[in-house]
Amino acid sequence: MAVITCIEDLRRLAVKRVPRMFYDYADSGSWTESTYRANESDFGKIELRQRVAVNIETRSLATKLVGIDAAMPVALAPTGLTGMQHADGEILAARAAEKFGVPFTLSTMSICSIEDIAESSKKPFWFQLYVMRDRDFVGSLIDRAKAARCSALMLTLDLQIIGQRHKDIINGLSAPPRLTLANILNMTTKPRWCLGMLGTRRHTFRNIVGHAKGVGDMSSLMTWVGEQFDPRLSWADVEWIKKRWGGKLILKGIMDAEDARLAADSGADALIVSNHGGRQLDGAPSSIRALPPIAEAVGSRIEVWMDGGIRSGQDVLKAIALGAKGTLIGRSFLYGLGAMGEVGVTRALEIIRNELDLTMAFCGRTDIRTVDQSILMPERIA
Ligand SMILES: Cc1cc2nc3c(=O)[nH]c(=O)nc-3n(C[C@H](O)[C@H](O)[C@H](O)COP(=O)(O)O)c2cc1C
C-alpha cells in the first residue's frame with residue numbers, strides 16, 4: 001500500500017484507479033489550461049512570514065461559514081459526475097465531510113441525487129444550483145433541496161455556456177461511459193472501480209433523469225443537458241431564486257470587483273471568487289490573484305470565499321490571509337475519492353487540516369479567525 005503524505009500522493013493513486021475518461025474529466029481545464037495551471041502555481045509565489053518564540057501550544061482552526069460551524073475554513077466544492085470517480089462517490093464524500101465537520105456541496109450534475117444524500121447523511125448538506133432554461137425544473141430542484149433540509153444553496157453564475165475541455169471530447173465523456181473498445185480496455189485495468197460500479201445502481205445524473213420533462217433515458221438526457229444551460233441568466237434570476245429558496249444563499253463564480261458589488265447588492269450571504277477551477281474562461285487570472293481586490297471592495301458587506309488550485313493547507317492559509325473567510329476544494333477531494341473512496345476523502349481533509357494547522361503555527365498564530373495579510377511577506381504575487 002502506497003504511503004500517502006500529501007494531495008499529490010492521492011492524485012497519483014487516483015490516476016491508477018480511475019478510468020482515464022473520468023480522471024481526465026477532473027484533472028483538466030479549458031483550452032490551453034493556462035488558468036487551470038495558474039490557479040495552482042500562483043499560490044507558490046506567495047511567501048509566508050516565519051515568526052518564532054510565540055506561544056503556539058493551543059490552536060484553533062474552527063470557524064463559521066454563513067453562520068454554520070466548520071472545523072476549518074474549507075468546504076467540499078460541488079463537482080459534477082463525482083459518482084463516476086468512485087461508485088456512490090457523492091454519498092462517500094458527503095459522509096467523510098460530515099464526520100470531519102466541514103460542509104459538503106452536492107452538484108446539480110451529480111450522479112447520486114439530492115434524496116440519495118439526504119437518506120445517507122445525518123447533518124444538513126449544501127446544494128449547488130445551475131440555472132436551466134426550464135424554470136419549472138429549477139424551481140423543483142430548489143423545492144427538493146428544501147425538502148432535503150439543505151442548509152445553504154450555492155448558485156453557480158459562471159456556466160451559462162460551457163468552456164471546451166479537449167480531453168473530454170477526445171475521450172467521449174459520458175455517464176454511464178460508452179462501452180467502446182478503448183474504454184473497455186482501459187476499464188479492465190481498473191478492477192476496483194469496475195467492482196464498485198457493478199455494486200451500485202447509480203450510474204447517471206439522478207437529479208435530472210425522471211425529474212426533468214422528457215428526460216427518461218440516456219439519449220434524451222444528453223440532448224437535454226446540451227440545450228438546457230441558460231445563457232440568459234441575469235441578476236433578476238438571482239433575485240427570483242433568493243426569494244424562492246428563502247435560506248442562506250452563496251453566489252459562485254465571481255471574478256470581478258464590479259460583479260462582486262452586484263453580488264453584495266443582491267443580498268446573498270456569501271460569494272465565491274472562482275473561475276470554476278480553470279474550466280471556463282481560459283485566460284482569466286488565477287482565483288488567488290482575483291481575490292484581494294474583491295475582498296477589499298465588498299468584504300465588509302458579504303462573506304468572500306475563494307476556490308481554485310488549493311492543494312494544501314498552506315494554500316488555504318494564504319487565501320485566508322488575502323481576505324477569504326472560507327475556501328472550497330474540488331480536485332483535492334476528488335483525487336482522494338478516486339484513490340480510496342471515503343477513506344481517501346477523509347485523508348485529503350486530514351492532510352489539509354494538518355498542513356493548515358502547522359503553517360499557521362509557524363507564522364506565529366493560534367486562531368484562524370485572526371489570520372490576516374500580516375502573515376505574508378509584503379511582495380505577495382509577482
Ligand atoms: C471535475 C469537476 C467538476 C465540477 N463540476 C462543477 C459543478 O457541477 N458545479 C459547479 O458549480 N462547479 C463545478 N466545478 C468547479 C468546482 O466547484 C470548483 O470551483 C473547482 O473545482 C475549484 O478548483 P480546484 O478543483 O482546483 O479546487 C467542477 C470542478 C471539477 C474539477
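The values are calculated or read from the model by the stated rules, or taken from the named source; none is laboratory data. Just so it is clear, the model here is predicted, and its values are computed rather than measured. With ideal geometry, Cβ positions are generated from the backbone for all residues, glycine too; neighbour counts draw on all protein chains shown.
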Residues (among the hydroxyl-bearing types (Ser, Thr, Tyr) and under 21 Å from the mean Cα position of the chain (by Cα)) located in segment 130-155 | TYR130, SER151
Selection from segment 24-68 of residues that are closer than 19 Å to ILE320 by Cβ and among the aliphatic types (A, V, I, L, M) = ILE46, LEU48, VAL54, ILE56, LEU61, ALA62, LEU65, VAL66, ILE68
Residue list for segment 148-169, filter: assigned to a helix (DSSP H, G or I) and touching a residue at least 12 places away in the same chain (Cβ under 8 Å) = HIS166, LYS167, ASP168
Report yes if some residue within segment 306-316 is at pLDDT 95 or above, surrounded by fewer than 24 Cβ atoms within 10 Å (Cβ to Cβ) and closer than 28 Å to LYS242 by Cβ; otherwise report no.
-> no
Output for segment 230-269, where each listed residue is in a helix (DSSP H, G or I) and β-branched (Val, Ile, Thr) = VAL238, ILE241
Just checking, how many residues over segment 31-68 are touching a strand residue (DSSP E or B) at 6+ places or on another chain (Cβ under 8 Å) and within 17 Å of VAL316 (Cβ to Cβ)?
-> 10
Would you please name the residue that is farthest from TRP245 (Cα to Cα), looking only at residues in segment 104-141 that are surrounded by 21 or more Cβ atoms within 10 Å (Cβ to Cβ) and among the hydroxyl-bearing types (Ser, Thr, Tyr)?
-> SER110
For segment 196-235, enumerate the residues that are under 27 Å from LYS252 (Cβ atoms) and small (Gly, Ala, Ser).
-> GLY210, ALA212, GLY226, SER234
Filter segment 251-293 down to residues that are basic (Lys, Arg) and over 17 Å from the mean Cα position of the chain (by Cα) and give me whichever is farthest from the ligand (Cβ to nearest atom).
-> ARG261
Criterion: within 23 Å of ARG165 (Cβ to Cβ), at pLDDT 95 or above and of a type outside the set (A, V, I, L, M, F, W, C) - qualifying residue of GLY246, GLY299, GLY253 | GLY253
Residue list for segment 19-38, restricted to those being buried (at least 23 other Cβ atoms within 10 Å of the Cβ), polar (S, T, N, Q) and over 19 Å from MET109 (Cβ atoms) | THR35
All but one of (1) within 20 Å of the chain's Cα centre (by Cα); (2) surrounded by 18 or more Cβ atoms within 10 Å (Cβ to Cβ) hold for LYS99; which doesn't?
-> (2)
Members of segment 64-85 that are within 13 Å of the ligand (Cβ to nearest atom), in a loop (DSSP other than H, G, I, E, B) and surrounded by 24 or more Cβ atoms within 10 Å (Cβ to Cβ) | ALA77, PRO78, THR79
For segment 180-201, the count of residues that are of a type in the set (A, V, I, L, M, F, W, C), out of contact with any helix residue (DSSP H, G or I) (no Cβ under 9 Å at 6 or more places or on another chain) and within 19 Å of GLY89 (Cβ to Cβ) equals 2
Residue pairs meeting the criteria (Cβ under 9 Å; at least 6 apart or on separate chains; first at negative phi, in segment 250-262; second away from the ligand (no atom under 11 Å from the Cβ) and polar (S, T, N, Q)) | LEU251/SER266
Single unsatisfied condition, ARG144 versus (1) away from the ligand (no atom under 15 Å from the Cβ); (2) more than 18 Å from ALA212 (Cα to Cα) | (2)
Pick from segment 39-56 the residues that are within 18 Å of GLY283 (Cα to Cα) and in contact with a helix residue (DSSP H, G or I) (Cβ under 9 Å, 6 or more places away or on another chain): which of them is surrounded by the fewest Cβ atoms within 10 Å (Cβ to Cβ)?
-> GLU40
Determine the pairs where a residue that is in contact (Cβ under 8 Å) with a residue 40 or more places away in the chain and of a type outside the set (A, V, I, L, M), located within segment 295-320, has a partner that is in a strand (DSSP E or B) and more than 16 Å from the ligand (Cβ to nearest atom) with Cβ atoms under 8 Å apart, the partner being 6 or more residues away or on another chain.
-> GLN314/LEU48; LYS318/LEU48; LYS318/LEU376
When both residues are 6+ apart or on different chains and their Cβ atoms are under 7 Å apart, which pairs have a first residue that lies in segment 20-48 and is assigned to a helix (DSSP H, G or I), and a second that is hydroxyl-bearing (Ser, Thr, Tyr) and within 12 Å of the ligand (Cβ to nearest atom)?
-> THR35/SER286; ALA38/SER286; ASN39/SER286; ASN39/SER287; ASP42/SER286
